[in-house]
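Notes for the one structure printed next.
The values are calculated or read from the model by the stated rules, or taken from the named source; none is laboratory data. Computed from a prediction, not measured in an experiment: that's the story for all the values here. Ideal geometry is used to build each Cβ from the backbone, glycine not excepted, and the neighbour counts take in all protein chains shown. The protein model used for the area step is the full one, side chains on, heavy atoms only, and it has no ligands, DNA or RNA in it. Shrake-Rupley method; radii C 1.70, N 1.55, O 1.52, S 1.80 Å.
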Amino acid sequence: MNTATQTSLDGAHVVVFGGSTGIGFATAQAAKALGAEVTLVGRTRARLDAAGSALGGAATAVADMMDRGSVEAVFAGMARVDHLVITAGSLRTGKLADTDPDVLLAALSERIAGPLYAIKAALHLMPPTGSIVLTGGQLSDRPSGNGTSVIAAAVRGVEAFARSLALELQPIRVNVVSPGYVDTPLFDAFGAEGRAAILEQAARALPGGRIGRADELGDAIVFLLRNAYVNAEVLHIDGGGRFV
Ligand SMILES: NC(=O)c1ccc[n+]([C@@H]2O[C@H](COP(=O)([O-])OP(=O)(O)OC[C@H]3O[C@@H](n4cnc5c(N)ncnc54)[C@H](OP(=O)(O)O)[C@@H]3O)[C@@H](O)[C@H]2O)c1
């Protein structure tokens, strides 16, 4: 069913960069449940295979947002991309005083340049009813002081990037989901104890006393794909965390 405001995902092709785990995987799961065909993209073959199996079958492709050629190659041979979702991103943190600026700047490559390559390569495959969802984050509104200054700049930039693209690429819609703390493998880089400490502290500070689940973000992204009147929007799914 395609009405003025509700776009069916039945038979739609949804490409998810970052689809092997966390928010991207949950998005693929929710889209598939609504009849979409999904293609999962990430850097690690084993994770993609596990995710594809967990979905009961999905196309997969290995690519790194930092590598233009690999991002473009994802779309080779594709006939159509109805929706492009980019949740790919890692925690490239470090305080400026003791980190090489080029290491920090990689966050811009991953979150701005990578999506730029992907969108450029996908555009000719997208119908006028298509849409793009990029991923921002709570750091855009709420700085941490914990070595995330360039990620904060990147996610703030993602919001401005998406708003401008929404005008430039019309009628293709471009939106951003901005997560607060969500329970995903993103925090595994801090080790089991570090991960638990970060997430427990975050949960205590939130009005609801808990952090978010990946499926709650997947549900929000699918809303952005389906509602044809939502455009140039930044949808905060953060349990109210940006105000505490
Ligand atoms: N979880 C949170 O609390 C939270 C909060 C705010 C914002 N976010 C943002 O939400 C997005 C999704 O995070 P998540 O929590 O779902 O994390 P996640 O579970 O670690 O998922 C990240 C996904 O992106 C892929 N990926 C990472 N770097 C990539 C790259 N350079 N090129 C291609 N694929 C890449 C990962 O697979 P491979 O590692 O195998 O490539 C994985 O599929 C990220 O941008 C994150 O910064 C998350």
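Determine which member of the set Arg142, Arg80 is in contact (Cβ under 8 Å) with a residue 60 or more places away in the chain, within 13 Å of the ligand (Cβ to nearest atom) and open to solvent by 30 Å² or more (accessible area, probe 1.4 Å).
Arg142
Could you check Ser8 against (1) more than 8 Å from the ligand (Cβ to nearest atom); (2) closer than 22 Å to Met126 by Cβ; (3) out of contact with any Lys or Arg (no Cβ under 9 Å at 6 or more places or on another chain); (4) small (Gly, Ala, Ser) and say which number it fails?
Evaluating Ser8 over (1) more than 8 Å from the ligand (Cβ to nearest atom); (2) closer than 22 Å to Met126 by Cβ; (3) out of contact with any Lys or Arg (no Cβ under 9 Å at 6 or more places or on another chain); (4) small (Gly, Ala, Ser) leaves (3) as the failure.
Taking the residues in segment 12-25 that are within 13 Å of the ligand (Cβ to nearest atom) and open to solvent by less than 10 Å² (accessible area, probe 1.4 Å) as candidates, determine which candidate is nearest to Ala122 (Cα to Cα).
Val15
So, Glu193, is that one on the phi < 0 side of the Ramachandran plot and over 18 Å from the mean Cα position of the chain (by Cα) or not?
yes
Take the residues of segment 145-160 that are within 14 Å of the ligand (Cβ to nearest atom) and open to solvent by 30 Å² or more (accessible area, probe 1.4 Å): which is nearest to Lys95 (Cα to Cα)?
Checking each candidate, the answer is Asn146.
Which of the following residues is surrounded by fewer than 16 Cβ atoms within 10 Å (Cβ to Cβ) and either among the charged types (D, E, K, R) or farther than 19 Å from Gln29 by Cβ (or both): Arg226, Arg213?
Sole residue among the options that is surrounded by fewer than 16 Cβ atoms within 10 Å (Cβ to Cβ) and either among the charged types (D, E, K, R) or farther than 19 Å from Gln29 by Cβ (or both): Arg213.
If you take the residues in segment 96-139 that are among the charged types (D, E, K, R) and either buried (at least 20 other Cβ atoms within 10 Å of the Cβ) or more than 22 Å from Ala26 (Cα to Cα) (or both), which one is farthest from the ligand (Cβ to nearest atom)?
Only one residue fits best here, namely Asp98.
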